[in-house]
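Before any comments, here is the structure.
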Amino acid sequence: MTHDMFITTSRGLQRNTPPMRLYEKAKKFGIWNPSDIDFTQDKLDWRSLSDAERDVLLRLTAMFQAGEEAVTLDLLPLIMVIAQEGRIEEEMYLTTFLFEEAKHTDFFNRFLTEVAAVNLDLRHYHGPDYHTVFYEALPTALQRLQQDSSPAAQVQAAVTYNMIVEGVLAETGYHAYSQALQRNNLLPGQQQGITLLKQDESRHIAYGVFLISRLMAADPTLWDVVEATMNDLLMPALAVVGDVFEQYDPMPFGLQQDDFIDYATNQFNKRIERIEKARGASLEEVYRVTQQAIEAGDS
Ligand code: MN3
Ligand code: FE
């Protein structure tokens with residue numbers, strides 16, 4: 001495919017739009033360096049933990065680590081579609097998105113090799129529901145875009161990636177995990193990294209909500225794809241959380257299943273309401289509402 005025009009030399013970049021606002025935020029807040037996190041105290045803390053405490057942290061970290069690798073590996077087909085559609089502002093933002101997922105992969109790898117210092121064969125920590133979401137649904141939905149870049153395929157990919165994997169699982173997992181570490185005053189390096197990583201993640205999800213809303217403003221019947229994808233994946237996603245809690249009695253660190261489920265449900269509902277409003281909204285309205293949420297830091 002050849003180019004018949006360039007946006008920067010015709011209408012110019014639209015800086016006051018959701019993707020460019022997210023890009024500005026990413027250039028400011030997304031530039032932290034995982035190599036700078038100081039794990040000195042974390043290494044001492046790790047030695048003082050009980051076997052069960054170490055096991056639950058390893059299980060959660062094995063899930064986060066593979067999850068970050070999966071989102072790093074699987075994002076490219078979506079970036080390719082956005083680039084082929086000539087959406088330069090969105091692609092500029094997406095360059096930061098992929099960089100950040102790589103850094104998250106880098107961050108958890110440092111924790112596993114330097115703090116936990118374990119043999120990296122952690123596959124036994126990935127249960128059947130984890131397999132359904134990360135080994136199957138995520139790569140399938142994103143790789144579909146290589147043959148089918150239709151709006152319906154894009155919505156399915158974004159709901160799977162941004163709403164389920166990032167919105168329900170990653171963000172919730174980080175929230176509850178860092179709360180538990182804070183309460184017990186443990187692993188300060190890990191706490192710091194996760195705080196930074198959660199900020200990145202909220203921009204990723206904001207982009208996903210924007211993308212789904214933009215597509216739905218153009219075709220309200222895409223709501224059916226949103227619902228069908230959620231119906232397929234919401235149960236296995238929540239079961240990933242349940243699977244963790246089933247392994248321990250008592251659960252270390254005062255981790256509560258309700259904390260995970262409540263936070264996940266609230267975040268998910270808030271975003272799904274925004275997406276549902278895009279059904280029948282104009283594109284201008286979607287830009288305005290998304291922009292407000294981004295400025296309010298409420299992504
Ligand atoms: Mn991430
Ligand atoms: Fe992400």
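The values are calculated or read from the model by the stated rules, or taken from the named source; none is laboratory data. These numbers come from a predicted model, not from an experiment. Cβ placement follows ideal geometry from the backbone for every residue including glycine, while neighbour counts extend to all protein chains displayed.
Yes or no, residue by residue, for (1) hydroxyl-bearing (Ser, Thr, Tyr); (2) within 21 Å of Gln257 (Cβ to Cβ):
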residue: Gln147; (1), (2): no, no
residue: Gln192; (1), (2): no, no
residue: Ser202; (1), (2): yes, no
residue: Ser213; (1), (2): yes, no
residue: Leu222; (1), (2): no, no
residue: Asp232; (1), (2): no, no
residue: Val240; (1), (2): no, yes
**Asked** Is one or more of the residues making up the stretch 22-35 within 26 Å of Ala153 (Cα to Cα) and modelled with pLDDT of 95 or more?
**Response** yes
**Request:** Please go through the stretch 152-207 and pick out each residue that is outside any helix (DSSP H, G or I) and surrounded by 23 or more Cβ atoms within 10 Å (Cβ to Cβ).
**Result:** Leu187
**Asked** Could you say whether any residue in the stretch 81-91 is farther than 21 Å from Ala217 by Cβ, within 16 Å of ligand 2 (Cβ to nearest atom) and acidic (Asp, Glu)?
**Response** no
**From Ala281, Ala228, residue being in a helix (DSSP H, G or I) and farther than 18 Å from Glu171 by Cβ** = Ala228
**Asked** Which condition number in (1) within 18 Å of the chain's Cα centre (by Cα); (2) part of a loop (DSSP other than H, G, I, E, B) is the one that Gln14 fails?
**Response** (1)
**Prompt:** Thr105: under 30 Å from Leu145 (Cα atoms), within 12 Å of ligand 2 (Cβ to nearest atom), crowded, with 16+ Cβ neighbours inside 10 Å and among the β-branched types (Val, Ile, Thr), yes or no?
**Reply:** yes
**Request:** Of the conditions (1) at pLDDT below 95; (2) within 25 Å of Phe39 (Cβ to Cβ), Ala239 clears all except one; give me its number.
**Result:** (2)
**Lone qualifier among Asp258, Asp262 - being acidic (Asp, Glu), surrounded by fewer than 13 Cβ atoms within 10 Å (Cβ to Cβ) and over 17 Å from Asp129 (Cβ atoms)** = Asp258
**Fill in**
The residue from Leu112, Leu122, Leu75 that alone is crowded, with 16+ Cβ neighbours inside 10 Å and within 14 Å of ligand 2 (Cβ to nearest atom) is Leu75
**Message:** Cβ contacts < 6 Å: first residue hydroxyl-bearing (Ser, Thr, Tyr), restricted to the stretch 146-167; second residue crowded, with 24+ Cβ neighbours inside 10 Å, any location; separation 6+ or different chain. Result?
**Reply:** Thr160/Ala141
**Request:** Can you tell me which residue within the stretch 85-102, out of those that are charged (D, E, K, R) and surrounded by fewer than 22 Cβ atoms within 10 Å (Cβ to Cβ), is farthest from Ala206 (Cα to Cα)?
**Result:** Glu85
**Request:** Restrict the check to the stretch 210-225 and report whether at least one residue is of a type in the set (Ser, Thr, Tyr) and within 16 Å of ligand 1 (Cβ to nearest atom).
**Result:** no
**Message:** Can you go through Leu145, Leu112, Leu98, Leu122 and tell me which one is closer than 25 Å to Leu13 by Cα and at pLDDT 95 or above?
**Reply:** Leu98
**Message:** For the stretch 33-48, give me each residue that is surrounded by fewer than 18 Cβ atoms within 10 Å (Cβ to Cβ) and either part of a helix (DSSP H, G or I) or not acidic (Asp, Glu) (or both).
**Reply:** Asn33, Ser35, Asp36, Thr40, Gln41, Lys43, Leu44, Arg47, Ser48
**Item:** Test: Phe64 is part of a helix (DSSP H, G or I) and closer than 15 Å to Val244 by Cβ
**Value:** yes
**Fill in**
Taking first residues from the stretch 257-269 that are part of a helix (DSSP H, G or I) and modelled with pLDDT of 90 or more and second residues anywhere that are aromatic (Phe, Trp, Tyr) and surrounded by 14 or more Cβ atoms within 10 Å (Cβ to Cβ), the pairs with Cβ under 9 Å that are 6 or more apart or on different chains are Gln257/Phe245
**Asked** Just wondering, is there one or more residues in the stretch 105-118 that are within 16 Å of ligand 1 (Cβ to nearest atom), within 25 Å of Ile194 (Cα to Cα) and among the basic types (Lys, Arg)?
**Response** yes
**Asked** Out of all the residues in the stretch 27-46, which are farther than 30 Å from Ala116 by Cα and touching a residue at least 40 places away in the same chain (Cβ under 8 Å)?
**Response** Lys27
**Complete:** Checking Glu136, Glu90, Glu101 in turn, the sole residue that is charged (D, E, K, R), closer than 30 Å to Thr2 by Cβ and part of a helix (DSSP H, G or I) turns out to be Glu90
